[in-house]
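None of the figures in this text is laboratory data; all of them are computed from the coordinates on show. These numbers come from a predicted model, not from an experiment. Cβ sites come from the backbone with ideal geometry, for glycine too, and all protein chains shown count toward neighbours.
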Amino acid sequence: MIKVTLKPRREDSLLRFHPWVFSGAIARIDGNPAEGDLVAVHSADGGFLAWGHYQIGSIAVRILSFDENPPEAGFWEEMLRRAYRMRVACGLEKEGWSNCYRLVHGEGDGLPGLIVDYYDGVCVLQSHSVGMFRAKGEICEALRKIYGPALKAVYDKSSGTAPFKAGLELVDGYLWKAYGFSDDEQQVLEGGCRFLVNWTEGQKTGFFLDQRDNRAAVGRLAKGRNVLNLFCYTGGFSVYALKGGAVHVDSVDSSRKAMDMVERNIGLNGFDASSHEGFCADAIEFLRDVPEGKYDLMIVDPPAFAKHRGALKNALRAYQRLNAAAISKVAPGGFVFTFSCSQVVDKEAFALAVFSAAAQCGRSVRILDRMNQPCDHPVNIYHPEGEYLKGLLLYVE
Ligand code: SAH
């Protein structure tokens, strides 16, 4: 057993169940751990604290268990089953309505470094730590037990996310496939809407499951509106808007592949091609040329502008500029759904950027709602850093 001993008084965060040990908190390591090895963490006075995956870097140990007994063979199945039970309890497996969700959201499900997205029988794994990357075989076995015959495939898409230092061979591919299953793409149901998900070609695991509730909110307010969906990816918000009775939807994304999927998703849901137009363009440039008052519902869901703290200031300026452009163009009495998925930009900072944008435009702007990530992207109460998606619903006159 490899034992990691902390410096004096550095055990407090673990006693509060925070799931990370920073390298600066470590006094010594007994043994010579390889990256991804299971290690036991002890306080300076020798008391047991937790078990976790070791890794070279600023976060040196990601905690898997606070139980004194080491995680055993049944650990993965138990943890994944708990995650599954919660999604079912939230109504995310409902025939004719929903068959896709995030099954594992890292720390939010007690499994730091692991993402598993479920697309009607296909599980797509992304490991963000060496430990999870090395455990993928066991994770795959546990998924097979949990889903049984409903499981079609388990695909590992960690080449862009797992840290490379360990010298592991990182090639995306299927860990398991049901006999006869040969697709890299399939249709899923989200809130009664149909979407095509392609996990090999698409961004992240293929679909942005985190906007489910906010798409439904757009659907509820879309009736009779002219909608502009900026940074639309495969058109999630566009489909809900049309379903909600929008008169017309324009969707904009800079990715050609995403725009092709938007067209297919619009068709799949039975909407007339004349009710929708797709633009493969830079959203900011597109917005610059939008006539004032053309749209009375806008969705602004850009990629993360800040991926780390150092980029925070520039990101806040970018959010302000983008939101000012949207607020200045939306028709009087219009709605703007605006989002940020940058983890380092917290709710308050984002609201301040949007406030500055509104002030800059000099229009009357009211906040009607505050939006979040949905239940299948849970936040571990001891790890508030897990909160990343935030949005505001604005009413602009
Ligand atoms: N709203 C989407 C998710 C958006 S993810 C959904 O509900 O699924 C962010 C998207 O922004 C990606 O699809 C990416 O291709 C696109 N993007 C990034 N930079 C862009 C730019 N400058 N102009 C337009 N789209 C951009």
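Things worth noting here:
- Ellipsoid fit via the Cα gyration tensor, the stretch 39-170: semi-axes of 28, 18, 12 Å, each the root of five times an eigenvalue, largest first.
- Computed label-point distance, nm, for sites LYS294 and ARG321 using a 7 Å Cα→Cβ extension: 2.1 nm
- Seen through its C-alpha gyration tensor, with square-root eigenvalues sorted a ≥ b ≥ c, the stretch 1-104 comes out prolate because a/c lies at 1.5 or above while a/b is bigger than b/c.
- In the stretch 177-335, Rg over Rh equals 0.99, where Rg is the alpha-carbon radius of gyration and Rh the Kirkwood radius from pairwise Cα distances.
- Within straight-line cross-link reach of LYS313, lysines at Cα separation under 17 Å, skipping those fewer than 8 residues along the same chain: LYS347
- Per-residue ellipticity at 222 nm from helix content only, as computed over the chain with -39500 (n - 2.57) for each DSSP H run of at least four residues, stands at -8000 deg cm²/dmol.
- Put simply, the convex hull of the Cα atoms in the stretch 209-261 casts, on average, a shadow of 3.3 nm².
- Listed by chain and number, the aspartates and glutamates whose alpha-carbon sits under 15 Å from that of LYS7, ignoring those within fewer than 8 places in the same chain, are ASP30, ASP45.
- Restricting the calculation to Cα atoms, the chain shows an Rg/Rh of 1.00 when the hydrodynamic-style radius is the Kirkwood one.
- Candidates SER254, PHE231, VAL218 compared by Cα position along the dipole of the stretch 211-261: farthest toward the positive end lies VAL218, with charges placed on Cβ.
- When both the stretch 85-112 and the stretch 204-251 are represented by their alpha-carbon centers, they are found 21 Å apart.
- Values of log10 I(q)/I(0), in the order q = 0.11, 0.18, 0.19, 0.20 Å⁻¹, for the stretch 118-229 under a Debye, Cα-only, solvent-free model: -0.44, -0.95, -1.02, -1.09
- Which of GLN320, ALA73, LEU287, positive extreme of dipole for the chain (C-beta unit charges): GLN320
- Taking the Cα centre of the chain as origin and assigning +1 to Lys and Arg Cβ atoms and -1 to Asp and Glu Cβ atoms, the resulting dipole is close to 800 debye.
- In order along the stretch 224-233, phi translates into HN-Hα couplings of x, 9, 9, 10, 10, 10, 8, 6, 7, 6 Hz, rounded to whole numbers, per the Karplus curve 6.51 cos²θ - 1.76 cosθ + 1.60 with θ = phi - 60° and x for Gly and Pro.
- Dipole of the stretch 128-202 [Lys/Arg +1, Asp/Glu -1 at C-beta], most positive-end residue of SER159, GLY137, VAL171: GLY137
- Exposure proxy order (Cβ contacts within 10 Å, fewest to most) of HIS308, HIS383, HIS53, HIS128: HIS308, HIS128, HIS383, HIS53
- Anisotropy class of the stretch 320-397 from Cα gyration tensor, a/c 1.5 cut: prolate
- Vicinal HN-Hα couplings computed from phi for the stretch 52-57 (Karplus, 6.51 cos²θ - 1.76 cosθ + 1.60; Hz; Gly/Pro x): x, 8, 8, 7, 6, x
- Only lysines eight or more places from LYS152 in sequence, or on another chain, were considered; those with a Cα closer than 21 Å are LYS94, LYS136, LYS177, LYS204.
- As a calculated quantity, the FRET efficiency between ASP213 and GLU185 at R0 = 30 Å, using C-beta atoms, amounts to about 0.75.
- Evaluated at q = 0.09, 0.10, 0.16, 0.20 Å⁻¹: base-10 log I(q)/I(0), Debye formula over Cα of the stretch 247-397: -0.32, -0.39, -0.97, -1.32
- For the stretch 74-84, 3J(HN,Hα) per residue [Karplus equation, 6.51 cos²θ - 1.76 cosθ + 1.60, θ = phi - 60°, Hz, x = Gly/Pro]: x, 4, 5, 5, 5, 5, 5, 5, 4, 5, 5
- Global form of the stretch 209-297, assessed from the alpha-carbon gyration tensor, a/c cut-off 1.5: rounded
- Over the stretch 30-71, the reciprocal of the mean inverse Cα-Cα separation, the Kirkwood hydrodynamic radius, stands at 10.6 Å.
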